[in-house]
Amino acid sequence: MTRIAFIGLGNMGGGMAANQARAGRPVMAFDLSAQAVERAVAAGCQAAGSVAEAVAQADVVITMLPAGPHVRGVYAEQILVHALKSALLLDCSTIDVESARAVAAQARAAGFRFADAPVSGGIMAAEAGTLAFMVGCDAADFPDVEAALAPMSRVTIHAGEHGAGQAAKICNNMLLGISMIGTCEAFALAEKLGLAADRFFEIASKSSGQCWSVSTYCPVPGVGPSTPADRGYEGGFATAMMLKDLKLAQEAAARAGAATPMGAQAEALYALFEANGFGGKDFSAIIELMRGRLDTLQAG
Ligand code: NAD
């Protein structure tokens with residue numbers, strides 16, 4: 001049975017590690033937070049006292065950490081030093097492309113197989129085992145990567161070489177941020193023009209304005225499928241997380257010399273929304289900024 005080491009048991013990693021254990025795989029789990037480790041143990045994992053202990057016997061090492069510096073540090077100082085050379089190393093965190101490529105190069109130089117495998121889907125998908133993984137790795141390694149991720153995954157797609165998974169993630173989320181703002185503007189304008197939101201939803205979701213932000217994740221309460229808008233914009237995908245991804249996209253665009261003016265605008269608007277105290281709200285709540293109704297939202 002594939003022995004898993006799981007490092008980073010936060011909002012996402014906790015549910016993901018639990019699904020590995022549920023699949024019958026022995027999981028050695030480590031987090032800097034003792035509470036997070038306790039939750040993982042309650043979900044069927046074994047507690048490790050350090051990264052070194054977690055990875056020592058693992059066939060697959062999975063990391064789910066906050067950002068690039070955490071990933072660089074944990075791999076350089078712990079995993080590449082203590083893991084078995086035969087281990088498959090998978091970083092599922094959302095980080096900058098440069099860090100992903102740097103860690104991949106270090107891992108390869110040390111004789112390891114590595115993949116960047118960020119996810120689409122939030123905490124509920126992490127708990128349900130229905131995340132979408134976008135993977136940057138050598139093509140020859142992809143079947144093993146896919147098998148390792150299977151208990152946590154609805155779909156796993158090979159994006160290309162190292163770093164391509166992170167590139168796919170930030171391009172997708174930049175597009176999502178832009179489309180959500182466009183959707184919010186359109187609903188706010190429709191309202192000012194006296195057009196009922198449910199009528200506009202029905203028309204736009206069947207017309208050329210159709211997109212995921214309109215049809216599946218409508219920012220207006222009571223319209224379309226159930227979304228965070230129906231729950232006071234609680235849960236879902238936090239504005240602070242969207243802003244993190246938009247910043248990564250802008251940094252990548254600057255380095256690559258790509259013109260992304262709409263992505264830059266989306267970043268500025270989400271930064272403004274967060275600065276008003278709404279970093280914890282679902283990212284679709286930005287409709288209240290477009291409506292000039294921030295006073296109706298409770299900060300969070
Ligand atoms: P989180 O802050 O809840 O969890 C991160 C965990 O990493 C924490 O428990 C922290 O204690 C632990 N950690 C930090 N440094 C560590 C170290 N050196 N050794 C061991 N553990 C360490 O964050 P999250 O919401 O679980 O997100 C994790 C990653 O997933 C991020 O990169 C995020 O961008 C990405 N992501 C999150 C979501 C989401 O909806 N939350 C969705 C998609 C992707």
* State whether the residues of the stretch 96-105 include one that is surrounded by fewer than 19 Cβ atoms within 10 Å (Cβ to Cβ) and closer than 28 Å to residue 34 by Cα. => no
* **Filtered residues of the stretch 1-43 (kept if part of a loop (DSSP other than H, G, I, E, B), more than 10 Å from the ligand (Cβ to nearest atom), under 22 Å from residue 84 (Cβ atoms) and out of contact with any Asp or Glu (no Cβ under 8 Å at 6 or more places or on another chain))** => 1, 23, 24, 25, 26
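Restricting attention to the stretch 156-178, does a residue exist that is among the aliphatic types (A, V, I, L, M) and either closer than 27 Å to residue 1 by Cα or not in a helix (DSSP H, G or I) (or both)?
Let us first name the residues in the stretch 156-178 that are among the aliphatic types (A, V, I, L, M), namely 157, 159, 164, 167-168, 170, 174-176, 178.
Among the residues that remain, those that are also either closer than 27 Å to residue 1 by Cα or not in a helix (DSSP H, G or I) (or both) are: 157, 159.
Scanning the stretch 156-178 turns up at least one residue that is among the aliphatic types (A, V, I, L, M) and either closer than 27 Å to residue 1 by Cα or not in a helix (DSSP H, G or I) (or both).
Given the condition among the β-branched types (Val, Ile, Thr) and within 18 Å of the chain's Cα centre (by Cα), answer yes or no: does some residue in the stretch 237-259 qualify?
Start the filter on the stretch 237-259 by keeping residues that are among the β-branched types (Val, Ile, Thr), which leaves 239.
Next, from what is left, pick out any that are within 18 Å of the chain's Cα centre (by Cα): 239.
Yes, that holds for at least one residue.
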* Asked: residue 5 versus (1) closer than 27 Å to residue 245 by Cα; (2) modelled with pLDDT under 95: which is the lone unmet condition?
  -> (2)
* List the pairs whose first member sits in the stretch 107-120 and is buried (at least 19 other Cβ atoms within 10 Å of the Cβ), whose second member is in a loop (DSSP other than H, G, I, E, B) and modelled with pLDDT of 95 or more, and whose Cβ atoms are under 6 Å apart, counting only residues at least 6 apart or on separate chains? -> 115/137; 117/92; 118/94; 119/92
* Looking at the stretch 130-145, which of the residues that are closer than 16 Å to residue 20 by Cα and surrounded by fewer than 19 Cβ atoms within 10 Å (Cβ to Cβ) is farthest from the ligand (Cβ to nearest atom)? -> 144
* Only one of 47, 115 is more than 12 Å from the ligand (Cβ to nearest atom), closer than 30 Å to residue 256 by Cα and either out of contact with any Ser or Thr (no Cβ under 9 Å at 6 or more places or on another chain) or modelled with pLDDT under 95 (or both); which? -> 115
* Could you run through the stretch 196-242 and say how many residues are closer than 17 Å to residue 288 by Cα and within 16 Å of the ligand (Cβ to nearest atom)? => 13
* Asked: Going through the stretch 274-300 one residue at a time, which ones are crowded, with 24+ Cβ neighbours inside 10 Å, of a type in the set (A, V, I, L, M, F, W, C) and free of Cβ contacts under 8 Å to residues at least 60 places away in the same chain?
  -> 278
* Structure fact -> Per the filter on the stretch 1-35, residues of a type in the set (A, V, I, L, M) and either within 17 Å of the chain's Cα centre (by Cα) or surrounded by fewer than 19 Cβ atoms within 10 Å (Cβ to Cβ) (or both) are 1, 7, 9, 12, 16, 17, 23, 32, 34
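The values are calculated or read from the model by the stated rules, or taken from the named source; none is laboratory data. It should be emphasised that the depicted structure is a prediction, and the values quoted were computed from it without experimental measurement. Note that each Cβ is placed from the backbone with ideal geometry, even for glycine, and that neighbours are counted across all protein chains shown.
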